[in-house]
Amino acid sequence: MTTVVGIDVGGTKVAAARLADEGIVEPCQHPTELSSTQALIEQLVKVVDEARGGARIDAVGIGVPSIVEFATGRVLFSANIPLAGVPLRQVLGERLGVPVFVDNDATVAALAEAHDEQLKLVSPNLVMLTIGTGVGGGIVFGGRIFRGATGGAGELGHTLIGLPLGAPLDDVPAAGPDFPQPGSLESFASGTALDHLVTAIVTGHPDSELGRRAAAGEQVLGADVVAACRNGDQPAAAAVRHWAHAIGIGIANAVNTFDPGEVVIGGGAAAAGDLLLGPAREIAEGYIMPGLRGHLNVRFARFGARAGVLGASLLAVHEFRDSEAK
């Protein structure tokens, strides 16, 4: 029997749970400690102790919103948590006394989604798009995570789906830290992008539901656009369709590049339900290569907020068993 703890580290919360052969224990959850690197590491040690509940564990898996060099567990880049440059696998391994495996949070969520509620592998070839404030992604091939050469594979939000208007084709962009880049999937398909569409609605349609609310001084965001669309507001419906079009292009790019058995949509976008999924699937079909059309299976994530913890746990199980078999 292999017993592990999985940790999902986010910019706002840290969740951890123990997974054994009998299943996963209800996760514990705390606000993320962002004051310093050392404070966050201390928090991770504490949540492992809390989640294990006195049980002996074989390994720990961690999903972080970062680019990770998987072989060493070093965090190469992290925008929202203070772990950039930290050899997290080594540091936590020394503190906890068990093997620690570290990977990108969207990547481990994709691993979870490749399994069913009984943790049986049911979708061995899968691409996941996590759509919230930004757009992340994860890739599973043959039932295992695909990481690429440096561990950064799956950053589908930074694929380019359009050029900035008026940009000359021979203009080479300067390499810099500014992401998302104009024209990226994230710049069009994220929840933040839907928030930005509100401006066009309230400016061009002041008599619409959202226009009237904005004129009354209310803050109007993407979730309000989705709600107004459900209420039959036509400008809001057009905005949601625009958003779904961009997501559909992202789905088509994933299919044309990887030919997965499934494309899974996770993150806050799932709250839009069929207002998003149906149009995005329809639009994607129009961009998919003819030989790949007709086989597209797009769905929302089955595990929701649990995917990160479950995927981190499965990561630990797979990697621990592989190390034991060597």
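The values are calculated or read from the model by the stated rules, or taken from the named source; none is laboratory data. What you see is a predicted model, and the numbers here were worked out from it, not measured in a lab. FYI the Cβ positions are ideal-geometry reconstructions off the backbone, even for glycines, and counts take in every protein chain you see.
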So residue 308 clears everything in (1) under 17 Å from the mean Cα position of the chain (by Cα); (2) on the phi > 0 side of the Ramachandran plot except one condition, right? Which one? (2)
Please specify each residue of the stretch 272-326 satisfying the condition of being within 17 Å of residue 259 (Cα to Cα) and at pLDDT below 90. 291, 292, 293, 294, 295, 296
Output yes when any residue across the stretch 134-153 is within 14 Å of the chain's Cα centre (by Cα), of a type outside the set (A, V, I, L, M, F, W, C), crowded, with 21+ Cβ neighbours inside 10 Å and farther than 22 Å from residue 251 by Cα, and no when none is. no
Only unsatisfied item for residue 321, checking (1) within 14 Å of residue 4 (Cα to Cα); (2) buried (at least 16 other Cβ atoms within 10 Å of the Cβ), is (2)
What about residue 214, is it in contact with a helix residue (DSSP H, G or I) (Cβ under 6 Å, 6 or more places away or on another chain) and modelled with pLDDT under 95? yes
Considering only the stretch 44-104, give the strands (runs of 3 or more DSSP E) lying wholly within it that have at least 1 residues that are of a type in the set (Gly, Ala, Ser) and over 16 Å from residue 5 (Cα atoms). 66-69, 74-78
List every residue pair whose Cβ atoms sit under 8 Å apart, with the two residues 6 or more apart in sequence or on different chains, where the first one lies in the stretch 118-145 and is in a loop (DSSP other than H, G, I, E, B) and the second, anywhere, is of a type in the set (Phe, Trp, Tyr). 124/141; 125/141; 125/258
Name the residues in the stretch 287-305 that are over 22 Å from the mean Cα position of the chain (by Cα), in contact (Cβ under 8 Å) with a residue 24 or more places away in the chain and farther than 20 Å from residue 124 by Cβ, would you? 287, 288, 289
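Residue by residue, here is whether (1) of a type in the set (A, V, I, L, M, F, W, C); (2) surrounded by fewer than 18 Cβ atoms within 10 Å (Cβ to Cβ) holds:
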site: 195; (1), (2): no, yes
site: 209; (1), (2): no, no
site: 219; (1), (2): no, yes
site: 232; (1), (2): no, yes
site: 251; (1), (2): yes, no
site: 275; (1), (2): yes, no
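Each row is one residue, and each column tells you yes or no for (1) modelled with pLDDT under 90; (2) closer than 16 Å to residue 264 by Cβ; (3) in the same structural domain as residue 24 (by TED's automatic domain parsing).
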residue: 124; (1), (2), (3): no, yes, no
residue: 134; (1), (2), (3): yes, no, no
residue: 140; (1), (2), (3): no, yes, no
residue: 145; (1), (2), (3): no, yes, no
residue: 154; (1), (2), (3): yes, yes, no
residue: 161; (1), (2), (3): yes, no, no
residue: 165; (1), (2), (3): yes, no, no
residue: 168; (1), (2), (3): yes, no, no
residue: 172; (1), (2), (3): yes, no, no
Spot the failing condition for residue 283; the list is (1) touching a residue at least 40 places away in the same chain (Cβ under 8 Å); (2) under 20 Å from residue 183 (Cβ atoms), and only one is missed. (1)
